[in-house]
Amino acid sequence: MSSFVNQYDPLEQVIFKEGLRIKAIHLHKDLDLMVIILSNGKILRRTISQFKLLKKATKSQLNDYRLIGKGIGIHWPQLDEDLSLKGFLQEELSQV
C-alpha cells in the first residue's frame, strides 16, 4: 500500500482539481499593464514593472510569450522568464 498522499494546497486545488487556467494575456508596455484573463472569466491586472526582466524587455520581447502547462504559467523564451498562475493568485489574495 502506498503512503503517498496527494497534498494540494487550496490554490493548487483550484488550479489542478477545478481546472482554472490562464486563457490569454494582454501586455501594454506603454501603460505598464499586464491583463491576465482566466478560464472562469475573471481578469487579473499586474504592472509589468513589478517583474524585473519584463520591465527591461522590449515590446517585441514582451509579446514573444507562450502559455505553458496548459495555462498554468507563462514563459517568455527570449527573456528566460516564467510566471505562474499560482503566483498571480497568491498575490491577488494578499491584496484582499
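Packing order of peptides 80-86, 67-73, highest average first: 80-86, 67-73 (average count of other Cβ atoms within 10 Å over each peptide's residues).
Send over a whole-number figure in Å² for the accessible area per residue of the chain, probe 1.4 Å. Walk me through the numbers on the way to the answer.
Values: 6360 Å² over 96 residues.
Ligands and nucleic acids excluded, the figure is 66 Å² per residue.
Taken over the chain, lysine pairs spaced eight or more positions apart, or on distinct chains, with alpha carbons under 14 Å apart number 9.
Here, P(r) means the percent of Cα pairs in each 5 Å bin from 0 to the largest distance; for the chain it is 3, 12, 23, 24, 17, 10, 6, 3, 2, 1, 0, 0.
Amide H to amide H distances under 5 Å link Ile72 with Ile22, where only residues 5 or more positions off or on other chains count and H is placed in the peptide plane. Taking every C-alpha pair closer than 8 Å and separated by at least 6 residues, the mean separation divided by the residue count of the chain gives a relative contact order of 21 percent. When the helices of the chain are scored as -39500 (n - 2.57) per DSSP H run of n ≥ 4 and the total is divided over every residue, the value at 222 nm lands at -4500 deg cm²/dmol. Any chance you could give the angle, 0 to 90 degrees and rounded to 10, that helix 85-94 forms with the longest Cα principal axis of the chain? It is inclined by approximately 90 degrees. Scalar couplings 3J(HN,Hα) for the range 59-76, obtained by applying the Karplus form with A = 6.51, B = -1.76, C = 1.60 to θ = phi - 60°, are 4, 5, 5, 4, 7, 9, 10, 9, 6, 10, x, 6, x, 8, x, 10, 10, 10 Hz; x denotes Gly and Pro. Taking chymotrypsin sites (Phe, Trp or Tyr not before Pro) as exposed when DSSP calls them loop and at most 15 other C-beta atoms lie within 10 angstrom, the chain has its longest site-free stretch at 9-96.
Using modelled amide H (1.01 Å from N, peptide plane; none on Pro or chain starts), what sits under 5 Å from the amide H of Leu33, excluding residues fewer than 5 places away? Here the answer is His28, Ile48, since their amide H atoms fall under 5 Å of that of Leu33. Rolling a 1.4 Å probe over the protein heavy atoms of the chain, with every protein chain left in place, gives an accessible area that is 52 percent carbon and sulfur.
The values are calculated or read from the model by the stated rules, or taken from the named source; none is laboratory data. Small disclaimer: the values here were computed from a predicted structure and weren't measured. Neighbour counts run over all protein chains shown; Cβ positions are idealised from the backbone, glycine included. These accessible areas exclude ligands, DNA and RNA; they are computed on the full protein's heavy atoms, side chains included. Shrake-Rupley method; radii C 1.70, N 1.55, O 1.52, S 1.80 Å.
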